[in-house]
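Engineer: A single structure is presented below for examination.
The values are calculated or read from the model by the stated rules, or taken from the named source; none is laboratory data. Quick caveat: nothing in here was measured; it's all calculated off a predicted structure. In this analysis, Cβ positions are derived from the backbone assuming ideal geometry, glycine residues included, and neighbour counts consider all displayed protein chains.
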Amino acid sequence: MAREGCPMRAALYARVSTGEQQTLDLQVGAMTAYVGDRGWSLTRSVKDVGSGTKLRAGREALLKSARRREIDVVVVWRLDRWGRSLPDLVVTLRELTELGVGFVSLTEALDLTTPTGRAMAGMLAVFAEFEREVLRERVRAGIAQARREGRLHGRPRSASLKADEVLRLKVEQVSHSEIARRLGIGRTSVRRILAAG
């Protein structure tokens, strides 16, 4: 958190999808006003533009700044601007907390620089674990159902169907990489077939 006698060093993080770039100024304006009202020092303002769960370069750079202890608090407009999913949100919030970096989401009024906010983060962790467990249970149920119906589950066995071709090419002294390229399978599959061959 803040150094003795110095204001908190705040970093803003704004993200929009490519179709809603006009809200960037709205997000940054609201966060800048919040930082000013708290008497914090604005040290960084990061913007990511893109949709879905793609890698967010700005967010990753901000996390690196947190790891280097260059900031004391991250401010976002809304939680879904920061987290790609609930588990991702919980993991990154936990990391920030362990680094001693606060986190504020304006829309949800979540402020991890306060004891109440830290309690809320604990509840988010519980929900994330629940979500993971529900997903695991659905996968197990799907596999069990497939077995009862006599259906295969998992990836199709595309590489093993080409075992004869792999062995033939190896006899012709074709490299593993070239075999993989010609047959459209992975080098790991080539090695596994040759080891079993």
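Engineer: If we keep just the residues of segment 8-39 that are surrounded by fewer than 21 Cβ atoms within 10 Å (Cβ to Cβ) and of a type in the set (S, T, Y), which is modelled with the lowest pLDDT?
Structural biologist: T18
Engineer: Something else about it: Between R59, R94, R84, R69, which is part of a loop (DSSP other than H, G, I, E, B) and within 29 Å of V134 (Cα to Cα)?
Structural biologist: Details: R59 fails: part of a loop (DSSP other than H, G, I, E, B); R94 fails: part of a loop (DSSP other than H, G, I, E, B); R69 fails: within 29 Å of V134 (Cα to Cα).
Just one listed residue meets the conditions, R84.
Engineer: Go through segment 111-148 and give me each residue that's in contact with a helix residue (DSSP H, G or I) (Cβ under 6 Å, 6 or more places away or on another chain) and either outside any helix (DSSP H, G or I) or touching a residue at least 60 places away in the same chain (Cβ under 8 Å) (or both).
Structural biologist: Scanning segment 111-148 gives D111, L112.
Engineer: So for segment 43-52 (the condition being outside any strand (DSSP E or B), at pLDDT below 85 and surrounded by fewer than 11 Cβ atoms within 10 Å (Cβ to Cβ)), does at least one residue qualify? Steps first, please.
Structural biologist: First, pick out the residues of segment 43-52 that are outside any strand (DSSP E or B): 50-52.
Applying the additional criterion that residues be at pLDDT below 85 yields 50-52.
Add one more test, that the residue is surrounded by fewer than 11 Cβ atoms within 10 Å (Cβ to Cβ), and what stays is 52.
Yes.
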